[in-house]
Amino acid sequence: MNPVYQPNSIGHSILAVIFYLVMAGFMLYSMLALYALLKYGRNTILCIIVAIFYLILTASLYSAAVFNLNLIKF
Amino acid sequence: MPNIKSLFPGQQENEKICMVLRPHWMVFFLKFVAWLMFLVILLGADWAIGKYLPILKTEPYLDYFNLFKTIYFMFLALGLLIIWIMYYLDIQIITDQRVVDITQGSLLHRTISELHLSRIEDVTAEVNGLLPTFLDYGNVYIQTAAETERFTFDRVPSPARIEKMILDLYEQLPDHEKLKSDLEK
């Protein structure tokens with residue numbers, strides 16, 4: 001479990017704001033893509049499997065990104 | 001057997017699905033290769049930095065680089081998902097009554113066009129280029145009775161077979177259907 005992010009300087013805070021804005025955009029676009037897939041996809045099972053696989057992959061990468069963000073020292 | 005209930009909106013109960021098409025796999029593969037280039041750029045940059053700028057692989061730069069790499073991978077995954085979704089949702093359906101072209105222009109842009117077989121005037125199959133010739137894929141153009149309207153099946157497999165199937169289905173239409181379209185002309 002990653003520790004809760006605690007900015008300890010202005011530089012860190014700015015970096016964190018930029019990071020979470022990028023993540024918000026990423027999340028929004030991902031949700032749009034999955035919505036389109038699940039709404040219009042003909043094979044529901046295939047769509048659900050792809051969506052779950054994608055969510056697991058991106059959750060892992062997000063976790064790694066937060067970990068890397070926490071490692072940055074100013 | 002495709003689930004005919006969910007194939008396209010407005011489908012009649014007695015309508016027989018003759019063919020369900022997607023663009024040729026090469027269409028997806030070419031986009032996948034472009035996607036792969038972005039992956040190679042990252043791996044290449046990783047290697048080049050290790051060889052020519054080893055200082056960036058030490059603290060404190062390493063943490064920034066690792067953060068950038070992780071975010072880059074996330075967007076790569078999203079890119080691949082979108083490429084596949086656009087390919088998967090692009091679909092053409094030929095029934096014994098009409099042709100339906102469902103085009104996914106972007107994630108939020110979906111076009112569903114349909115054309116009754118009786119309104120078809122001319123069908124053209126086009127194979128143009130080296131890869132399409134070897135792999136047998138190309139465009140199918142369907143000219144309608146309307147003056148400028150033209151239906152296009154973009155880069156579908158076996159265009160000649162599809163063209164023949166559409167013309168055969170047109171020939172199988174009852175005479176009064178064909179007559180109706182002739183009168184409209």
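Residue count for the range A:27-60 satisfying the condition of being surrounded by 12 or more Cβ atoms within 10 Å (Cβ to Cβ) and among the charged types (D, E, K, R): 1.
Tell me yes or no: at least one residue of the range A:2-12 is modelled with pLDDT under 95 and facing chain B (nearest Cβ under 10 Å). Looking through the range A:2-12, none of the residues is modelled with pLDDT under 95 and facing chain B (nearest Cβ under 10 Å). Of all the listed residues (A:Leu15, A:Leu61, A:Leu55, A:Leu37), the sole one being aliphatic (A, V, I, L, M) and in contact with a Cys (Cβ under 7 Å, 6 or more places away or on another chain) is A:Leu37. B:Phe32 meets the conditions (1) within 23 Å of A:Arg42 (Cβ to Cβ); (2) out of contact with any helix residue (DSSP H, G or I) (no Cβ under 9 Å at 6 or more places or on another chain) in every case but one. The failed one is (2).
Screening B:Val20 on (1) facing chain A (nearest Cβ under 10 Å); (2) over 21 Å from the mean Cα position of the chain (by Cα) shows it passes everything except condition (2).
Within the range B:61-81, identify whether any single residue is in contact (Cβ under 8 Å) with a residue 24 or more places away in the chain and of a type in the set (A, V, I, L, M), and answer yes or no. So far as the range B:61-81 goes, yes, one or more of its residues are in contact (Cβ under 8 Å) with a residue 24 or more places away in the chain and of a type in the set (A, V, I, L, M). Filtering A:Tyr20, A:Tyr40 for residues that are closer than 30 Å to B:Leu62 by Cβ and not hydrophobic (A, V, I, L, M, F, W, C) leaves a single hit, A:Tyr20. Summed over the range A:17-26, residues that are more than 16 Å from B:Ala77 (Cβ to Cβ) and either buried (at least 16 other Cβ atoms within 10 Å of the Cβ) or within 8 Å of another protein chain (Cβ to nearest Cβ) (or both) total 1.
Every condition in (1) under 30 Å from A:Ile45 (Cβ atoms); (2) assigned to a strand (DSSP E or B); (3) among the β-branched types (Val, Ile, Thr) is met by B:Thr152 except one, and the failing one is (1).
Please work out which residue is farthest from the other protein chains (Cβ to nearest Cβ), limiting yourself to the range A:61-74 and to residues that are without any contact (Cβ under 8 Å) to a residue 40 or more places away in the chain and under 17 Å from A:Met23 (Cβ atoms).
A:Tyr62
Restricting B:Arg150, B:Arg161 to residues that are out of contact with any strand residue (DSSP E or B) (no Cβ under 6 Å at 6 or more places or on another chain), free of Cβ contacts under 8 Å to residues at least 12 places away in the same chain and of a type in the set (D, E, K, R) narrows the list to B:Arg161.
Quick check, is B:Lys31 among the basic types (Lys, Arg), in contact (Cβ under 8 Å) with a residue 40 or more places away in the chain and surrounded by 15 or more Cβ atoms within 10 Å (Cβ to Cβ)? The answer is yes for B:Lys31. Here is the figure for the range A:37-60: residues that are at the interface with another protein chain (Cβ under 8 Å from one of its Cβ atoms), over 18 Å from B:Ser106 (Cα atoms) and among the hydroxyl-bearing types (Ser, Thr, Tyr) total 2.
The values are calculated or read from the model by the stated rules, or taken from the named source; none is laboratory data. Predicted, not measured: the structure shown is a model, and the values here were computed from it. As a convention, Cβ positions derive from the backbone with ideal geometry for all residues, glycine included, and neighbour counts pool all protein chains shown.
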